[in-house]
Amino acid sequence: MKLAEALQERADLNIRISQLSTRLQNNATVQEGEEPAEDPQELLKELDGCITRLEELIARINLTNCQTTDNGVSITQLIAKKDTLRVKLCVYRDFIYYASQTAMRAARTEIKILSSVDVRAIQKQVDALSKELRETDNKIQALNWTTELI
């Protein structure tokens, strides 16, 4: 099984577990004399199976991510880089948005608002970070589809 397939299965299991949780909640109580729409014991059994499989997949995915490298950089390190680039981009984009808000005057006599930074220069940084994020994500995806799950 390729790493990407395991990641897809993990995502499916997370959705399935969420659905089972909802179904369990819906069948937790019934009116006296009534039967639940679904057997909670069967749902719990299915939930336990899904969680056991999820635990196995997570362990194997994490092990594979730690041991698989590209030019000496593990997938785990690439994922950390991708996640931090996203955070940085979000903050920079918000900052650019607010730094660009200089036309908030209603009359010429009011206080003039100026940007505290060179918005164009920071936008170039954002563009470079966006490119780096895309390239990092592409590298991770390529490794996911070419790496066998450990």
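The values are calculated or read from the model by the stated rules, or taken from the named source; none is laboratory data. In this text, all values refer to a predicted model and were calculated from it rather than measured experimentally. All Cβ positions, even for glycine, are placed from backbone atoms using ideal geometry, and neighbour counts span all protein chains on display.
All of Lys131, Lys81 fail the test of being exposed (fewer than 11 other Cβ atoms within 10 Å of the Cβ), at pLDDT 95 or above and under 29 Å from Ala6 (Cα atoms), apart from Lys131.
Check segment 39-53 and report whether any residue there is among the charged types (D, E, K, R), modelled with pLDDT of 95 or more and assigned to a loop (DSSP other than H, G, I, E, B). Looking for residues that are among the charged types (D, E, K, R), modelled with pLDDT of 95 or more and assigned to a loop (DSSP other than H, G, I, E, B), one finds at least one in segment 39-53, hence yes.
Rundown of residues vs (1) farther than 22 Å from Leu143 by Cβ; (2) touching a residue at least 12 places away in the same chain (Cβ under 8 Å), yes/no style:
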| site | (1), (2) |
| --- | --- |
| Gln31 | yes, no |
| Ala37 | yes, no |
| Leu44 | yes, yes |
| Cys50 | yes, yes |
| Arg60 | no, yes |
| Leu63 | no, yes |
| Ala80 | no, no |
| Lys112 | yes, no |
| Val117 | yes, yes |
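Could you please give the count of residues in segment 57-82 that are in a helix (DSSP H, G or I) and closer than 15 Å to Glu148 by Cα?
Number satisfying all stated conditions: 12.
Consider Ile15 carefully, then state whether it is touching a helix residue (DSSP H, G or I) at 6+ places or on another chain (Cβ under 9 Å) and either surrounded by 13 or more Cβ atoms within 10 Å (Cβ to Cβ) or free of Cβ contacts under 8 Å to residues at least 24 places away in the same chain (or both). Talk me through it step by step, then tell me what you get.
Working: touching a helix residue (DSSP H, G or I) at 6+ places or on another chain (Cβ under 9 Å): no; either surrounded by 13 or more Cβ atoms within 10 Å (Cβ to Cβ) or free of Cβ contacts under 8 Å to residues at least 24 places away in the same chain (or both): yes.
In short, no.
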